[in-house]
Structure formats: C-alpha cells, structure tokens
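Quick notes on the structure that follows.
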Amino acid sequence: MNRKIFAILALTLVCAGLGLAQAKHPSELKYPALKYDPPDPKAFKVVYAGGLRAYVQEDKSLPLFNITALVNCGDLYVPKDKTGLGTVLGDQLIKGGTAAKDGSAIEERIDFLGGTLSFMVGERTSTLSLSVLSKDLDEGLATFFDVLRNPAFREEPLKLAKARFVEQLRQANDQPSQVLNREYERLLYGDNAVTWQPTKAVYEGLTAADLKAFHAKYFSPKNVILAVSGDFSKAALKAKIEKLAAGWQGGAASFPALPKSFPSPEPGVYFVQKAINQGYISLGHLGFEDTNPDYFAVQVMNFILGGGSFTSRITTKVRSDEGLSYNQGSRFNFRWGLPGTFAGYVQTKSATVGYAISLILAEFDRIRRQPVTDAEMETAVNYYLESFADNFQSPQTTMMNFANLEMTGKPADYYKTYLAKIKAVTKARVQEVATKYIQPQKMAIMIVGDWEPCNKGGDKWPGPLDRLGKVHRVSLTDPMTGQEIK
C-alpha cells in the first residue's frame, strides 16, 4: 500500500512539474523545447570498389540486418510505347527469379528465415529492400545481390503477371479517387511520361528482353546507392559487399530528358461523369519543385491553409463548421526534377459540391489577402520543429534519407539547415508565398461525380456549376484500349 501511495505522489509531482496538472485545455500544456541535432551524412558515407556508394550505420540494439538499394530508375524513364514496363519490373525483379533460383524459391527461403525482401518502382527511384536476422546476414546479402544483379525474368511468372495487370486495367475506372487523380494530372501535365497509361496491348507486348534491356541500362554500381544498418561490423561488411559486387559492370547511366513545358488549361470546371452519390474534387494548378528556396515558407503556409489536419482553415470550415466532408484539405505535391501540383481537395455529397468548392476558394482568397494569426504561425512552425526528429526514428530510416539526399542532388547539409529555415518563416513570408503560389487566375476545378445533382446544388449554394467558371465535360478513356469511351 505504501508503495502505491508513494507512486501516486511521485506521479502527481511529475505532472505538476510539467504543468500538466493545471491544464484545462490541450493548448495550455507546456513542454520543454525539443532540441535535436541531426547526424552528418558524411560520417556514414562509404564508397566501395567499383564506385558503389553507401550510407552505413552499425546498430547493435537488435540482432537485425537491413539493406536497401536505391536505383536511379523509374517509370519516367520508360518509353511511351512501353508504358507499364515499370509496373511489370516492380513485380518481376524478385518473382521472375535469377539465373540460379526461381522466384518462388527465393521468396520461400526469405520467408523461412523470417525476413522480408521487396522491390518497388517509383517515378525516378526504385528500391530493393532486405531485412533479415543478423545471423542470416551472409545468406540474405548473397540473395539480395543475386536479385539486384542477375534477374532472369522467367517466362511463366512474367506471363501470369501480364495477365494480372491486364485484369486490373478493367477496374481502372471503377474508383472515383483514382479517376480524379489521373485526370487532374493529365489536365495539368498533358502528354507527359507522368500521365502515360498502359493498355492491354502494351502489357501483352512486353517481353523478358524488354525487362532485361531496361535493367541492364540502369542497374549499374554507379547508378545505385545503398542504405545499410544493423548488427554487423563495418569492416567485415565492406569485404562481403565488395566480394558480391565484384565484376559488376556498367558506368554512369544516361537518362531521357524530362519535358519542362506543360499545357495551360483554361480555368474553369472539368467534370467527369460517374453515377455516384458524392463528388470527388481537386482544384488548383501546377506547383513548383522542392529545390525552390520558397519551399519552407510554402510548407508552413499550406499547413495553415489545409495541410494541418484538424487545425487547418479548410478542415475547420468545411468539416467542423459546415459538416460537409470527412476528407478535405490542401496539398503541394512534389516530384524530383519536375514541378509538382497544388490542389485543394474535398469529397462531399452531390448537392454540396458547389458549396464546398466555394468555401475552399474563399480560404484560398483569405490566406492571400489577410495575414495569418500568431497562433496559427506558432502551431504550424512548432509542428515542423517538433516532428523533425521523426526523420531519424531508426538507423535505417536515417541512412535511407541520406541516400535519397545524394540521389536527388540535395545538399548534404539539408537536414542541418532545415530547422533554421523553418524558424525563419514569418507571417509576411506566408502571405507572400500564398500570393505567389496560389493563383486564382489559373484555377482548374476537376470534379468526378453525377452531373445532375452536382450541377443542381443545394440550399446554400444553388447551381449551376458554371457559376465557378466555364464547364468542360471530360470523357473517360477505356483503359484496355486507351481510346475515348463514346
């Protein structure tokens, strides 16, 4: 009993010390300022024989070994007549086996070891990742390099994969959110590798030779950066990796030029008909690249506008005050080497589509014309300062972030200077970048929904939708053929 009383008293004193006992509202809670100095990438960089680069951290806290290969290779490097090759490559690098083992044998062995082996293809970066117990480091590492260097793309699993992806094409127009994202990007980027879509004929025409040629072009030691962490000795690991990478041929890869000119869609409403009881909406225009010096101020601005979950203006107005939606906000998306997109977004019932759009447009206008409040600034800046350490939650996450910095050409002191750049954002800078990067004169409003009820509107905002601008009816394409559906 005495121990319980002592524990309760101790907890009370701790809470009182932190200011928790007196708090009547979460905003009154006070915590000591979080201080965190990020590690220096240079301390972890290793260059192995053959020019293979890596970021390596020993971590004895768990008996694990983790390794990821970042390859400068992705969907944007695939020729238009081979669109979909990246999807098939992502599925077949492991499942297609190697010269020594078929894919199922590789997967079953990794499962038996209690590990994981996965491969993903992104727009410009592909990742092969392995995690095994440190006692299985030798076998896991050998399998990892075998898959990375010697994929066989065997015919039978390739045939099954192509059939599966063709079946997925049949459902490509079923999900409104997928249709919205696809058509919004097609409107903003036009005929661009970002928007190219595979068809049944393209999938069926892809061959193992296509995959091997693509692999040979981009999977070379100078086009790969490793991120490694776990329970091992750096010196011993160096010897193992250099042995497994010995004889790996290939110099610096050449990459297709990424187009930098994009269409200027006429501002207004772009409507895709689907017989559903909600409207799925994105409204905005092209954004900018994350190497832009305004990036940090825009992050803070967008947190206040619609990126900050329940504290943001759009969520407060559209969801909390008006009860129109469970999914709303604003976002700046970024992609390596190309401008990203800016969009306000919302899903709401058909009768309130116009009203929800009008509320978001009003918030766009307000943040451009009026300074944000001190409280909004404090919440937004503190969010980025307090969550900064999340970038370094685990040694493998840290090594991955450093490898990504180098892959995308960002400076090595990116994280070292991050907090100072966030702290330097002022209310005036927020208004300045809002005015610069939210452009009403370019606003394209993409809606996927049922035309009649959406156009009719409701009590608070009766239609028609052309009150928001000229209406363009957008026809969907048949994903199987790539031809417009009549």
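Observations
- Surface exposure of the range 425-486, expressed per residue as accessible area with a 1.4 Å probe, stands at 55 Å².
- Coil-residue trypsin sites (Lys or Arg not before Pro) of the range 219-305, DSSP, other Cβ within 10 Å capped at 11: 260
- Here's the picture: charge each Lys and Arg Cβ at +1 and each Asp and Glu Cβ at -1 in the range 149-268, and of 233, 202, 192 the one pushed furthest to the positive end of that dipole is 233.
- Loop-located chymotrypsin sites (Phe, Trp or Tyr not before Pro) in the range 326-403 whose Cβ has at most 13 other Cβ within 10 Å (DSSP): 326
- Calculated [θ] (222 nm, deg cm²/dmol) that DSSP helices of n ≥ 4 give over the chain, each run adding -39,500 (n - 2.57): -12000 deg cm²/dmol
- Bridge orientation summary for the chain: considering DSSP beta bridges with both residues in this region, about 75 percent are antiparallel.
- Applying 1/(1 + (r/R0)^6) with R0 = 45 Å to the Cβ-Cβ distance of residue 197 and residue 28 gives a FRET efficiency near 0.30.
- Residue 239 paired with residue 294, simple spin-label distance in nm, labels 7 Å along Cα-to-beta-carbon: 5.5
- Carbon/sulfur fraction of accessible area - the range 64-134, other protein chains in place, 1.4 Å, %: 53
- The listed residues 451, 196 rank as 196, 451 when sorted by accessible area, largest first, using a 1.4 Å probe.
- Those GluC sites (Glu not before Pro) in the range 389-486 that DSSP places in a loop and that have at most 16 other beta carbons within 10 Å: none
- Debye intensity ratio I(q)/I(0), log10, the chain, q values 0.11, 0.12 Å⁻¹ (C-alpha model): -1.10, -1.23
- Net lengthening on full extension, residue 406/residue 378 (0.36 nm per residue, minus Cα-Cα): 6.9 nm
- Heavy-atom accessible area with a 1.4 Å probe sorts 128, 419, largest first, into 419, 128.
- Taking the Cα centre of the range 49-114 as origin and assigning +1 to Lys and Arg Cβ atoms and -1 to Asp and Glu Cβ atoms, the resulting dipole is close to 200 debye.
- The figure for residue 217 is an accessible area of roughly 100 square angstrom, using a 1.4 Å probe on the protein chains alone.
- Counting only protein heavy atoms and a probe of 1.4 Å, the accessible surface of the range 320-397 is 45% carbon and sulfur.
- Each of 401, 422, 483 was placed along the dipole of the range 383-486 (beta-carbon charges, centred on the mean Cα), and the one lying farthest toward the positive end is 422.
- Over 25 Å (Cα to Cα) - which of 24/460; 80/212; 135/416 fall in this group: 24/460; 135/416
- If you sort 264, 134, 312, 320 by accessible surface, 1.4 Å probe, largest first, the order is 264, 320, 134, 312.
- Database remark: amide H of residue 199 closer than 5 angstrom to no amide H (H placed geometrically; neighbours at sequence offset of 5 or more, or on other chains; Pro and chain starts carry no H).
- Given their separation in residues at 0.36 nm each and the Cα-Cα distance between them, residue 36 and residue 485 gain 156.1 nm when the chain is fully extended.
- The equivalent ellipsoid that matches the C-alpha gyration tensor of the range 276-427 spans semi-axes of 30, 18, 15 angstrom, in descending order.
- Note on the chain: with charges restricted to the Cβ of Lys and Arg (+1) and Asp and Glu (-1), its dipole about the Cα centre is near 620 debye.
- About its Cα centre, the dipole of the range 189-331 is roughly 520 debye, where the only charges are +1 on Lys and Arg Cβ and -1 on Asp and Glu Cβ.
- Dividing the convex hull volume of the alpha carbon atoms of the range 78-122 by its residue count gives 68 Å³ per residue.
- Quotient of C-alpha Rg and 2.2 N^0.38 Å, computed over the range 304-375: 1.15
- Where the Cα pairs of the range 35-164 fall when distances are cut into 5 Å bins, in %: 2, 9, 16, 19, 19, 15, 10, 6, 3, 1, 0
- Surface per residue (accessible, 1.4 Å probe) for the range 38-181, Å²: 44
- Reachable aspartates and glutamates, given that their alpha-carbon falls under 16 Å from the alpha-carbon of residue 60 and they are not under 8 places away in the same chain: 136, 231
- Each residue, residue 249 and residue 100, gets one label point 7 Å from its Cα in the Cβ direction; the gap between the two is 2.0 nm.
- Contact order relative to length of the range 36-167, as percent, for alpha carbon pairs under 8 angstrom and 6 or more apart: 28
- Among the listed pairs 317/423; 260/421; 317/410; 217/442; 162/349; 101/217, those beyond 30 Å (Cα-Cα): 317/410; 217/442; 162/349
The values are calculated or read from the model by the stated rules, or taken from the named source; none is laboratory data. What you see is a predicted model; the values in this text were computed from it and never measured. Counting neighbours? That spans all protein chains shown, and the Cβs are built from the backbone with ideal geometry, glycine included. Quick note on the areas: whole protein, heavy atoms, side chains included, nothing else; ligands and nucleic acids left out. Shrake-Rupley method; radii C 1.70, N 1.55, O 1.52, S 1.80 Å.
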